[in-house]
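The values are calculated or read from the model by the stated rules, or taken from the named source; none is laboratory data. This structure is a prediction, so every number in the text was calculated from the model and none was measured. Glycine gets a Cβ as well: all are built from the backbone with ideal geometry, and neighbour counts include every protein chain shown.
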Amino acid sequence: MDLEEQVMGIIVNAGQSRSLCYEALRSAKNGDFEQADMLLHQASEFASLAHRVQTQLIEADEGEGKTPMTLIMVHAQDHLMTSMLAKELVVELIDVHRRIAQ
């Protein structure tokens with residue numbers, strides 16, 4: 001897999017993770033916590049795929065600047081971090097919805 005494919009893998013998988021997180025939040029808002037949990041699990045799987053590629057790129061770079069830092073690479077890293085933050089916040093919001101529903 002070349003660098004461009006790896007970077008696109010981060011973008012696609014991180015984006016899918018973030019989308020599933022917000023879908024999980026919508027399910028929780030509708031009181032469907034089982035669906036919300038399933039969607040969060042799927043989101044975690046996509047996040048893991050994106051994170052695995054990021055880790056491979058970091059390992060290949062060895063802290064020596066071997067990996068070219070392009071605009072699309074920065075965009076991919078931004079996507080990944082945004083999706084990770086979204087998941088953390090959505091998990092907390094779903095917990096609030098659970099407490100309210102009790």
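Just to be sure, is Val74 over 12 Å from the mean Cα position of the chain (by Cα) and surrounded by 14 or more Cβ atoms within 10 Å (Cβ to Cβ)?
The answer is no for Val74.
State which residue is surrounded by the most Cβ atoms within 10 Å (Cβ to Cβ) when the search covers only the stretch 1-38 and only residues that are charged (D, E, K, R) and modelled with pLDDT of 95 or more.
If we take residues in the stretch 1-38 being charged (D, E, K, R) and modelled with pLDDT of 95 or more, then Arg18 is surrounded by the most Cβ atoms within 10 Å (Cβ to Cβ).
Any idea which of Leu39, Leu20, Leu49, Leu25 is without any contact (Cβ under 8 Å) to a residue 24 or more places away in the chain, in contact with a helix residue (DSSP H, G or I) (Cβ under 8 Å, 6 or more places away or on another chain), in a helix (DSSP H, G or I) and not aromatic (Phe, Trp, Tyr)?
Leu39
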